[in-house]
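S.K.: Take this structure first; my questions come after.
The values are calculated or read from the model by the stated rules, or taken from the named source; none is laboratory data. Since we're looking at a predicted model, the values are computed, not measured. A quick note on method: Cβ atoms are made from the backbone with ideal geometry, for glycine too, and the neighbour counts reach across all protein chains shown. Areas reflect the complete protein model, heavy atoms only, side chains present, ligands, DNA and RNA absent. Shrake-Rupley method; radii C 1.70, N 1.55, O 1.52, S 1.80 Å.
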Amino acid sequence: DKVEETRLQALTTAVTQFTNAVAEKAAGKDGNIATTEDNINHRIAIVGFASKSGNGNNTELLSIKGNNSGEVGVKYDSITDQNLKDVLQSMDTSNGQTMVSDAISALTANGGTRIDLGVDMANKILAANPVETGKERNRVVVVFTDGAPGDYGDWKSASTSTANAAIENAKKTKTTYATTVY
């Protein structure tokens, strides 16, 4: 368990540093989100994969109000079209920053690391939030993980199939949604 806690802490630290950097850029040149003239509407969605116990359904949208992980979270098989639209949080608002912070706090490590489902949810979020006609927006998916891809059962074959599915989903992210994947 201590190894998982250490990995999870490293994961949450990295995600927090990343989201804080985005929030800083969203505040614009003056560094203050309260003065909105120079703010940049950077948006973030937090998706947890293997964040709750359960085979496959332990992947969830986290940066949204719900009842799955305390005050946040909607399970993989319970998400609605509206959830996919609402999960993106504006980092140039204090409400958006708080929701992302709460989502990071809800991350846990338990069960298989279903990176394939996490990237699949990213694709669903991208599909539900198309770039408006005439607007430009860079789209990026960053996958943070505390473990190797896998599922319950035969770890070797499950890891290979989960990794291959994650790669296929990431290819879709790049080609269908013109999104950079890290």
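S.K.: In the stretch 32-46, what count of residues is obtained for those that are modelled with pLDDT of 95 or more and among the small types (Gly, Ala, Ser)?
M.R.: Number satisfying all stated conditions: 1.
S.K.: Could I ask something else about it? Going by the conditions given, is LEU8 open to solvent by less than 60 Å² (accessible area, probe 1.4 Å), among the aliphatic types (A, V, I, L, M), under 29 Å from ILE167 (Cα atoms) and modelled with pLDDT of 90 or more? Spell out the reasoning first.
M.R.: On the way: open to solvent by less than 60 Å² (accessible area, probe 1.4 Å): yes; among the aliphatic types (A, V, I, L, M): yes; under 29 Å from ILE167 (Cα atoms): yes; modelled with pLDDT of 90 or more: no.
Judged against the criteria, LEU8 is not a match.
S.K.: Continuing with the same structure: Under 8 Å between Cβ atoms, at least 6 apart or on separate chains: pull out the pairs that start in the stretch 74-91 with a residue that is among the basic types (Lys, Arg) and end on any residue that is buried (at least 20 other Cβ atoms within 10 Å of the Cβ) and outside any helix (DSSP H, G or I).
M.R.: LYS75/THR59; LYS75/GLU60; LYS75/ASN68
S.K.: If you scan the stretch 12-32, which residues turn out to be surrounded by 13 or more Cβ atoms within 10 Å (Cβ to Cβ) and farther than 30 Å from THR108 by Cα?
M.R.: Filtering the stretch 12-32 for residues surrounded by 13 or more Cβ atoms within 10 Å (Cβ to Cβ) gives 12, 14-16, 18-20, 22-28.
Correct list: GLY28 only.
S.K.: Among the candidates ASP120, ASP77, ASP151, which residue alone is modelled with pLDDT of 90 or more and acidic (Asp, Glu)?
M.R.: Numbers: ASP77 fails: modelled with pLDDT of 90 or more; ASP151 fails: modelled with pLDDT of 90 or more.
Unique residue meeting the criteria: ASP120.
S.K.: Could I ask something else about it? Quick check on this structure: which one of ASP120, ASP92, ASP116 is among the acidic types (Asp, Glu), open to solvent by 20 Å² or more (accessible area, probe 1.4 Å) and within 13 Å of the chain's Cα centre (by Cα)?
M.R.: Working: ASP92 fails: within 13 Å of the chain's Cα centre (by Cα); ASP116 fails: open to solvent by 20 Å² or more (accessible area, probe 1.4 Å).
When all the criteria are applied, what remains is ASP120.
S.K.: Further question on the same structure: Do we have any residue at all in the stretch 47-63 that's farther than 26 Å from THR175 by Cβ, among the β-branched types (Val, Ile, Thr) and modelled with pLDDT under 80?
M.R.: Checked against the condition, which is being farther than 26 Å from THR175 by Cβ, among the β-branched types (Val, Ile, Thr) and modelled with pLDDT under 80, the stretch 47-63 yields no hits at all.
S.K.: Return yes when THR113 is touching a Pro at 6+ places or on another chain (Cβ under 7 Å), at pLDDT below 95 and not in a helix (DSSP H, G or I) and no when it is not.
M.R.: Values: touching a Pro at 6+ places or on another chain (Cβ under 7 Å): yes; at pLDDT below 95: yes; not in a helix (DSSP H, G or I): yes.
Criteria met by THR113.
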